[in-house]
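Student: One structure follows; several queries about it will come next.
Rule-based calculations on the coordinates, nothing more; no lab input. In this text the structure is predicted, and so the values were computed from the model without any measurement. Cβ atoms come from the backbone with ideal geometry, glycine included; neighbour counts cover every protein chain shown.
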Amino acid sequence: MSSETSNEMNVFDVMYNCRAMRRLDSKEVPQETLTKLVDAANQAPSGSNMQNGRWIIATDPAVRQKLADLNRQGVEAYIQPDTSVAEGLPHQSAGKRQRMLDSVLWQMEHMHEIPALVIACLEYGQKVSDADAQRGGGSIWPGVQNLLLAARAHGLGAAPTTLGLQNQDAVRSVLNMPDTMAALCLIPVGYPLGKFGTVTRKPVGEILRFNTWDA
Ligand SMILES: Cc1cc2nc3c(=O)[nH]c(=O)nc-3n(C[C@H](O)[C@H](O)[C@H](O)COP(=O)(O)O)c2cc1C
């Protein structure tokens, strides 16, 4: 079965072929399609069914540029002091890690050109500190994953990002959000420049035990 054509993909094909796609075309994505992605995200569960997820899609070039600037600050702070970032991990070779880093840098340079920046937010109902916002994130991440899967099923590339959201006050100011809201994930969405492919994960036998954790 093709991993490229959405109408041939079942839910497992989509899950197993939903790699972070950072290199994206600047071609506009129709608003109708973007709305469908958020509608899919909105089907995800939330704690106590509070349905407190809120979604902003930045398509305006000025707003995208400001978000791209914040992302650049976050990426530069993450990468530069830590030269070990591109070293291999037990489950990921140095070469693969370097390719990931290259794609993070590509995304940093082109973020402002990516046609849609989807910001996954939560409404807390009261002023929220950065630390509390992070702790409450469990009610938005299922929606983020739904959105990533929906994007993949529509043949769109997407990737979850957080590095550009470290300064919540700056993000609130760019997006005109009240201090009761926090932005937890920014997902650039567009038509892929790279190839879709299967994700590479640790074998299930390594991360699963039945009943108790006996190493
Ligand atoms: C909580 C979280 C935060 C992430 N933050 C970033 C980010 O700021 N920038 C980025 O390029 N990717 C970010 N990612 C994407 C991961 O790097 C990516 O999901 C991981 O490398 C697996 O990639 P793959 O699905 O292509 O194998 C984040 C993912 C998660 C789940």
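Student: Using the beta-carbon distance between SER103 and SER46 and R0 = 30 Å, what value does 1/(1 + (r/R0)^6) give for FRET efficiency, to the nearest 0.05? Don't skip to the answer; put the middle values down first.
Tutor: On the way: r = 31 Å, r/R0 = 1.03.
So, using R0 = 30 Å, E works out to roughly 0.45.
Student: What's the ranking of 126-134, 13-21, 144-152, 173-181 by average number of surrounding C-beta atoms within 10 Å, highest first? Numbers along the way, then the final one.
Tutor: On the way: 126-134: 12.9, 13-21: 17.9, 144-152: 23.0, 173-181: 15.0.
Ranked from most to least packed, the peptides come out as 144-152, 13-21, 173-181, 126-134.
Student: Using only C-alpha atoms and all pairs of different ones, pull out the Kirkwood radius for the range 66-171 in Å with one decimal. Write out the running numbers ahead of the final one.
Tutor: On the way: mean 1/r = 0.0637 Å⁻¹.
With all distinct Cα pairs of the range 66-171 included, I get 15.7 Å.
Student: So, how do all the Cα-to-Cα distances of the range 121-215 break down into 10 Å bins, in percent, from 0 on up?
Tutor: 13, 33, 29, 21, 5
Student: Work out the count of Lys pairs in the chain where the Cα-Cα distance is under 19 Å, with the pair 8 or more places apart or on different chains.
Tutor: Eligible lysine pairs with Cα atoms under 19 Å apart amount to 4.
Student: So what's the Cα pair-distance distribution over the chain, bin width 5 Å, in %?
Tutor: All Cα pairs considered, the percentages come to 1, 7, 14, 17, 19, 18, 13, 8, 3, 1, 0.
Student: Based on Cβ point charges of +1 for Lys and Arg and -1 for Asp and Glu, what charge dipole magnitude is obtained for the chain about its Cα centre, in debye rounded to the nearest 20?
Tutor: Magnitude of the dipole: close to 300 debye.
Student: If I stretch the segment between LYS36 and TYR16 completely, what's the gain in nm (0.36 nm per residue apart, minus their alpha carbon distance), one decimal? Working shown, then result.
Tutor: Working: separation 20, 0.36 × 20 = 7.20 nm, distance 2.12 nm.
The LYS36-TYR16 span can extend by a further 5.1 nm.
Student: To make sure I understand, if each residue's beta carbon is the centre and we count other beta carbons within 10 Å, what order do TRP55, TRP106 fall in, fewest to most?
Tutor: Numbers: TRP55 20, TRP106 15.
Neighbour counts put them in this order, fewest first: TRP106, TRP55.
Student: Here is a follow-up. Once both labels are modelled 7 Å past Cα along the beta-carbon direction, what's the LYS27-GLN65 spacing in nm?
Tutor: 2.6 nm
Student: Could you grab the relative contact order for the chain? Cα pairs under 8 Å, six or more apart, rounded to a whole percent.
Tutor: Numbers: 342 pairs, mean separation 78.1, N = 215.
For the chain, the relative contact order is 36 percent.
Student: How much length, in nm to one decimal, is gained on full extension between VAL204 and GLN92, taken as 0.36 nm per residue of separation minus their Cα-Cα distance? Please report the intermediate quantities before stating the final value.
Tutor: Working: separation 112, 0.36 × 112 = 40.32 nm, distance 1.56 nm.
The span from VAL204 to GLN92 would gain 38.8 nm if fully extended.
Student: Still on this structure: Can you find, among PRO188, PRO115, GLY95, the residue sitting farthest towards the positive end of the charge dipole of the chain, where Lys and Arg contribute +1 and Asp and Glu -1 at Cβ?
Tutor: GLY95
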